[in-house]
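Have a look at the structure below before the remarks.
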Amino acid sequence: KANELAGKVERDADGHFIVDTDYIFEMSKGVYTNIAKEMPVLQGSAYPPKAMMYSKLMSVINFTGVYISLTGEANINTDAPAALIPATVAHEMAHQRGVNSEDEANFAGIAACVTSNITVYEYSGYLSGLIYLSSALYQADPDAFSEVMATLNDDVIRDWTDNNDYWAQYDTPAAEAVSAMYDGYLKANGEEMGISSYGACVDLLVSWLELTQRS
């Protein structure tokens, strides 16, 4: 699906994913419409996300988005790689719907994206899910991971590489310190797995996709 949709999103002359943030934010109103029918717990009002003025600073501390519970705002790092911004929007909107844990918010965001019938969100969701699942596969079976990677087309590889290259420049001691602090924050607030909970959505994705295929 990532291969199929990669050619249907807007790209620049060099093939890099480009996105109209205003369009992404406007279309977010309908992202949860379909998945909420399948999972009624995800029903809720759609509040538009906001672009963070200090997006580059968020990148320095390795944040793609942040949900402010006191105001109900989903704040998005719009300097981050464009291909995954829609998935980030969906993740933060999951928090707006009362999904507190990060692994469940990742799962809900991806599920919302791939069922949205909004091409740019669908692709972003499939790319995000692909990254999570492939990372887990690599740890379990590197050869199988290589086989999967060999099936990906140039557009998907380019978006994946752009994402890796972008975050590599922010792999600094400051980012590690903030990650350690956030890990402690998550654990103190009931997220026993801390930052590693972001990868726990793999189990949810596999279970859901298996059920979907059976039906």
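The values are calculated or read from the model by the stated rules, or taken from the named source; none is laboratory data. From a predicted model like this one, the values you see are computed outputs, not experimental measurements. Here the Cβ is made from the backbone with ideal geometry for all residues, glycine too, and neighbour counts use every protein chain on show. Surface accessibility is based on the protein's heavy atoms, side chains included, excluding ligands, DNA and RNA. Shrake-Rupley method; radii C 1.70, N 1.55, O 1.52, S 1.80 Å.
Numerical summary
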read-out	value
Distance (nanometres) between label positions extended 7 Å along Cα→Cβ at SER134 and THR161	1.2 nm
Most fluctuating residue given options TYR126, TYR23, TYR170, as computed from a GNM of the chain linking Cα atoms under 10 Å	TYR23
For the chain, calculated [θ]222 nm from helices alone, where every DSSP H run of n ≥ 4 adds -39500 (n - 2.57)	-17500 deg cm²/dmol
In the chain, lysine pairs closer than 25 Å at Cα, eight or more apart or cross-chain	5
Structure-derived log10 I(q)/I(0) by the Debye sum over Cα atoms at q = 0.09, 0.10, 0.13, 0.15 Å⁻¹ - corresponding label in [x] -0.38, -0.48, -0.80, -1.04; [y] -0.34, -0.42, -0.74, -1.02; [z] -0.45, -0.52, -0.76, -0.96	[y]
Apportionment of accessible area to carbon and sulfur, the chain, percent (1.4 Å)	54 percent
Mean accessible surface per residue for the chain, computed with a 1.4 Å probe while every protein chain stays in place, in Å²	53 Å²
